[in-house]
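Computed from the coordinates by the stated procedures, all read-outs in this text should not be read as laboratory data. All values derive from a computational prediction rather than experimental measurement. Positions of Cβ are backbone-derived with ideal geometry, glycine not excepted, and every protein chain shown enters the neighbour counts.
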Amino acid sequence: MKTAYALAIAALFALPAAAQETRSFTDDLGRTVEIPLEAQRIASLQDLAITVPLIELGVMPIASHGRTTPEGEGFIRGSKVLTGVDFDNSDIEFLGNLPVDIEAVAAAEPDLIITTPWQTAPVEQLEAIAPVIVLDDEARGDFEIYDVLAEITGTQDRLAVLKDRYAGQVEQIRRLIDTVDISVNVIQGVDGQVLSWHTYGALGKLLRDAGFTFPERVEAIPEGQFERMSPETLPELDADFLFVTYRTDTGETPADAFAHLEAVMPNFCEFLFACTSNQMIVMPREEASASSYYGLGVLSYTVLSHISGRQFEHKPE
Amino acid sequence: MNDIAASPAPSAPPLRAWSGVPLLIAVLGALFLLHIAVGAKSLPIGTVVDALTAFDPAEFDHVIVMNLRLPRAVIAVVVGACLSVAGALMQGVTRNPLADPGLLGLTAGASFAVVMATALFGLTSMALIPWIAAAGALAAALVVYFIARWVPGGATPLSLTLAGAAISAFLAACISIAHLLSEDTFMNLRVWLTGSLAGRDITVLVYTGPWLAIAMLLSLALARQVTVLAMGDEVAQGLGVRTTSLKLQILVAVVVLTAGSVALAGPLGFIGLVIPHVVRLYVGADYRWIVPYSALAGAAYLLAVDIVARIAIPPQEISTGIITAMVGAPLFVHLVRRRSR
């Protein structure tokens, strides 16, 4: 009943949007949608994949999906450290998590809703509020989604600047580090298993764009995917430099990154060349995993400061 | 339902029952060795033997055997045995073939208590987890019992099963709500809640082991009386069994066995339901045989299931609980159909 009421209200709110100039857009579900030519009130239903990129493109959504702290406070995951913007210091309305609150979406009066397949709020209900675009961030890739968001919001110029800056950062790494001769990998201990990715978010993109090599076992993982592996395969995931991450939004510290691996494999350090050689690099997961050009900048200087201009050993074959 | 449980196959002759014990122990031993010999990394059998006889902590292959595979195999044996015996006792005392720690709400109660204590109240002490799980299992068992007793007709096998299903569903919903309220803290419990032997902390066994051993001995000691109780309260009382006291002792044993298992490996389904049925096909209705056979067969079954979970798609692993459900559900349907013929 509440949802029906909300949808009725939403239909009224949708009227002004209908009056805007529109264009056709085909989303990642193959749906052709009439969207505003210049959307002014965008609701994002995925914080990391949509909200953060929108803010980096200079488009402030009027409402966003977010997570909740144990105290029940909403936050945009990673945004505080990546963009400086969060619910508590902006006019962005908190829409809830999975699924977002449909009534809250309606109350925000968006003229465009951007969601992903990960979000469980039904598209059919959202369509009654405003035009809905579904973008498959996982299929597109963490940074390819910037291209489509820039096209939707008319911010291609801003994206070009971000891309140029990143290209300069990658060039700097290539100039200062002989990346082709250095193997790297990103691992994480979870639930008795070791996680490894073909390309781990922004960090993986930077490492691959810069030309570092990866262990054979990692290259065997299909692009865009990760695998949970038995700790028995730990040496196969070893490299000259190993990256591990910890979650800042849950109050973790670098020690937690090692503790998770220790829980998976007692005395793991003794069996990893990178660890015994003091060539493990620990960093916050938000910057390492988020789709963020700011994050890429932070990571490029982290990689530079940890690997360039220092003595290190190569993992024996 | 009552009739099926109360009048299963006649007891096997002692000679037949005795002859199965060494066979079952041999199968268990073979599966135990296989469990520590195979895994994501292929190890020569000589390396496995070396690891067991001359452990070198600097040798990664030895560490795999001693620190990863061996503790996991031990936990599989303990959990498999405990859940099977708990299921057998529950089926005997309730005269309900569908009774098991999962269906009567004990597993859900233990899981709910551990989830609330760790995720919402930040409990990290391994020493406390078994107690929390026991309190949850006991509370759930009592709630199920009183609900079943409260409905017209009293605590019949059917009302107990329905009350157990309702309480399990209710507690699962509560866990989901807590998950929604604190999504991130639940990430750490996600795999545990599916029932998994991967990465389990062997120190939990240090705290649960003594209690599980006592409960197992108590179960073996009570087995003869459970056989009498399975014939009905009136018959048991007529034969001089103090049924109320016996049921209380069985409840304690079942709660400890279930809570210890959940603390070790999360909620694993179908083991306590299926194994006693399989055992009955061989040894009949005598719980003096059903209980020890269930312990051995349950341990062997969970070892076998965990081997499959580890080597089905190497180097990835499947949660053991998913395999127990995938194997247990059709096996149980087959057993029910076979008994009904």
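Per-structure values
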item: Cα gyration tensor shape of chain B, rounded if a/c is under 1.5, else prolate or oblate by comparing a/b with b/c; result: oblate
item: Cα gyration tensor category, rounded, prolate or oblate, for the protein assembly as shown with a/c compared to 1.5; result: oblate
item: Sites excluded, trypsin sites (Lys or Arg not before Pro) in DSSP loops with at most 15 other C-beta within 10 Å, longest stretch of chain A; result: A:32-309
item: Cα centre as origin, Lys/Arg/Asp/Glu Cβ charges: region A:29-162 dipole, Debye; result: 160 debye
item: Long-range amide H partners of B:Leu123 with built H, under 5 Å; result: B:Thr118
item: DSSP beta bridge pairing in the protein assembly as shown, given as percent antiparallel to the nearest 5; result: 45 percent
item: Cα-based reach from A:Lys163 at 15 Å (exclusive), listing aspartates and glutamates while leaving out same-chain residues under 8 positions away; result: A:Glu56, A:Asp142, A:Glu144, A:Asp147, A:Glu151, A:Glu171, A:Asp209
item: Loop sites in region A:203-256: GluC sites (Glu not before Pro), DSSP, at most 13 other Cβ within 10 Å; result: A:Glu223
item: Förster radius 60 Å - calculated FRET efficiency between B:Leu248 and A:Glu317, Cβ distance, rounded to 0.05; result: 0.35
item: Residues B:Asp50, B:Asp286, sorted so that the one with the fewest Cβ neighbours within 10 Å comes first; result: B:Asp50, B:Asp286
item: Lysines whose Cα lies under 29 Å from that of A:Lys315, excluding same-chain neighbours fewer than 8 positions away; result: A:Lys205, B:Lys41
item: Part-to-part distance (alpha-carbon centres) for region B:30-103 and region A:78-143, which is given in Å; result: 46 Å
item: For B:Cys174, A:Cys275, order by how many other beta-carbon atoms lie within 10 Å, fewest first; result: B:Cys174, A:Cys275
item: Three-way shape label, region A:170-317, alpha-carbon gyration tensor, a/c 1.5; result: rounded
item: FRET efficiency estimate (nearest 0.05) - Cβ-Cβ, A:Thr253 to B:Thr53, R0 51 angstrom; result: 0.80
item: Inter-chain shielding of A:270-278 (mean C-beta neighbours from other protein chains, 10 Å cut-off); result: 1
item: Dipole in debye (nearest 20) - region B:2-340, about Cα centre, beta carbon charges: Lys, Arg +1; Asp, Glu -1; result: 840 debye
